[in-house]
1. List pairs: first residue in the range 393-414 and assigned to a helix (DSSP H, G or I), second residue charged (D, E, K, R) anywhere in the structure, Cβ distance under 7 angstrom, at least six positions apart or on different chains.
2. Looking only at the range 231-267, filter to residues that are more than 16 Å from the ligand (Cβ to nearest atom) and modelled with pLDDT of 80 or more; which one of those is most open to solvent (accessible area, probe 1.4 Å)?
3. Which of the residues spanning the range 167-185 are part of a helix (DSSP H, G or I) and open to solvent by 10 Å² or more (accessible area, probe 1.4 Å)?
4. Filter the range 66-86 down to the residues that are open to solvent by less than 10 Å² (accessible area, probe 1.4 Å) and either in a helix (DSSP H, G or I) or of a type in the set (D, E, K, R) (or both), then identify the one that is nearest to the ligand (Cβ to nearest atom).
5. Might you let me know whether the range 32-52 holds any residue that is within 16 Å of the ligand (Cβ to nearest atom), at pLDDT below 60, assigned by TED's automatic domain parsing to the domain that holds residue 286 and open to solvent by less than 30 Å² (accessible area, probe 1.4 Å)?
Amino acid sequence: MLIRRCLQTSAEQAWRSLAGKDHAEFVTAAMRNLRINKTPSRVQEAVRLVFVLRPTLLTIVERHCQTASVLSSGASAIVTASTGSGKTLAYLIPTLSKHCSAEPHTRTHSNQYSPKVLILTPSQPLVLQLLRVVSAFPQVSATTFPFPEGVPRRSIGSPLLAVSTPSSLITGVSPMSKSQIKIRKGLQALLENTETVIIDEADQIMGDKSSSQLISDLVSVAKRISKRRAETTAAEVESSQALENEQKQAVRVNTDIQFVFVAATLEPVPVETNLKKSHLPRAKIMKLVPNVVSCDENAVNTPPPNLKHSFIKVFNENEVMPTQEPQTDGGVATPKSDVSEEDQKLARLNDEFEAKVRLLLQAIKLQQTSEKISSASDKPEQWIVFCTETKTVQYLAQEIEKWAATEAGIDGDAIQTLALYRHIPEQERWAILHQFSQGTVPQLSKTNTAVGTHQILLTTDFAARGMDFANVSKVILFDFSATPEQYLHRTGRTAREGGHGHGEAISFVGKDDTKMMARIEALVRRERTA
Ligand SMILES: Nc1ncnc2c1ncn2[C@@H]1O[C@H](COP(=O)(O)OP(=O)(O)OP(=O)(O)O)[C@@H](O)[C@H]1O
């Protein structure tokens, strides 16, 4: 424990020392820190890595200093910071620099396909997004797990990093059977050379029964592997004459497989009284990995600093709901309405829905007309509209297109709607994600060149977590969030760029959403006044 703390402190000092350096010093210090081999190609790669990432790296080092130092030390950690604050690079930089700079694999076992770093994330789009981020590190060999079909294993070789979803991991390690024994056996083979396991969106993964069972299996398999490694290493180290006592202990410490749990939301906000504390994700993690270190880089469950929140009520606040029983008022009975309560509710929901559609169209029109004032930029204005149900996404996509084609003063050709949801064919889904993340609108043939283009992604919670689109200026909650966590993740698709980005979240609030709105307003106010 003491050795681990020493390692952590020295790593923290090393990372902190990078933050205040000028460029030349920075490169030298970073390279020394990354302990890159002095072979020409490695030096070139290291320089490229440091130069390409330098501005981001500097802020990350400053902002996520505790995370960088804890992860460099090899300790298991829970990393929490708000959406868009740069958690991905905050865990990738120390993890990859540690593994890239390590001397040639000292502990390679028979399974040459076992990755050094395994990352689990809840959905396939996030798997691909992560691989895109990792491609900025030229020396890192990364792949999906299961390994891509049709690619010979020889050409994959020994990947440094593999990314998977919980369900793909289970299928990959045990394709024919879902029996616990087979899965654990498969995990044993997969983790043979693994040194770090990262669980992104950890609250979502720990909140799902089968995924959380998988994490528990991973931890127990990792314990067994770590124990075996420790025994082997201890025997080798003890017999070595060259190492000092302290060095021998340090080698022993590093035989543990490191677990890193990453999340923007980890506890319900505020903690639900009817939930047992032991069922909460953080408690579950701490039970599984008792020596885990918490790196709460800013308070957990907080919205990004530059995000503006607006709530628009779409119901008549003065309307009095009829009660079920006839009321007596001074002896005069109020007659019971002919229309059933259920029908009245349906009529109200219908009115609210229509009001939301009108508001959305008005907002688009306002955007289009204000764009005429500012000169059109080459990048489209990007919005994300969240709906609860797929059928609302499909309906809105059609409605906006129809409206834009006929509405006076609107250049329909300048507006592109993209509808994204879970059950859309995979090819189409990738095309939409690619188009929106690139911010390209190739098929638009604007008639009015003074008008900027406007790209509107209509989606469900399928795209609420983790998706990183650089230029989203507005998130509209067409359907209000059911929980504060859902609110934080949906609205967190804007105001990103490591916390430097600005954005606006507009929520349409129905009568049934008022209690949740009060909770969320309190959360947002708490953050503003903090
Ligand atoms: N210091 C920085 N300056 C500018 N951009 C940054 C900085 N740090 C990170 N970014 C960028 O901010 C974006 C958001 O980062 P990332 O996807 O890691 O967020 P996150 O914290 O994981 O959010 P979420 O919880 O929503 O998944 C990325 O495009 C990243 O490159």
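The values are calculated or read from the model by the stated rules, or taken from the named source; none is laboratory data. What you see is a predicted model, and the numbers here were worked out from it, not measured in a lab. Cβ: placed from backbone, ideal geometry, glycine included. Neighbour counts: every protein chain shown. To get the accessible areas, we keep the full protein, side chains included, count just its heavy atoms, and leave off ligands, DNA and RNA. Shrake-Rupley method; radii C 1.70, N 1.55, O 1.52, S 1.80 Å.
1. Listed by first residue and then by second, the contacts come to 413/446; 414/446.
2. 231
3. Just the residues of the range 167-185 that are part of a helix (DSSP H, G or I), to begin with: 167-173, 180-185.
Residues satisfying the conditions are 167, 168, 170, 171, 172, 173, 180, 181, 182, 183, 184, 185.
4. 67
5. Taking the range 32-52 and keeping what is within 16 Å of the ligand (Cβ to nearest atom), we get 49-52.
In the following step, the residues that additionally are at pLDDT below 60 were identified as 49-52.
Now narrow it down to the ones that are assigned by TED's automatic domain parsing to the domain that holds residue 286: 49-52.
Next, only the ones that are open to solvent by less than 30 Å² (accessible area, probe 1.4 Å) stay: 49-50.
Yes, there is a match, as at least one residue in the range 32-52 is within 16 Å of the ligand (Cβ to nearest atom), at pLDDT below 60, assigned by TED's automatic domain parsing to the domain that holds residue 286 and open to solvent by less than 30 Å² (accessible area, probe 1.4 Å).
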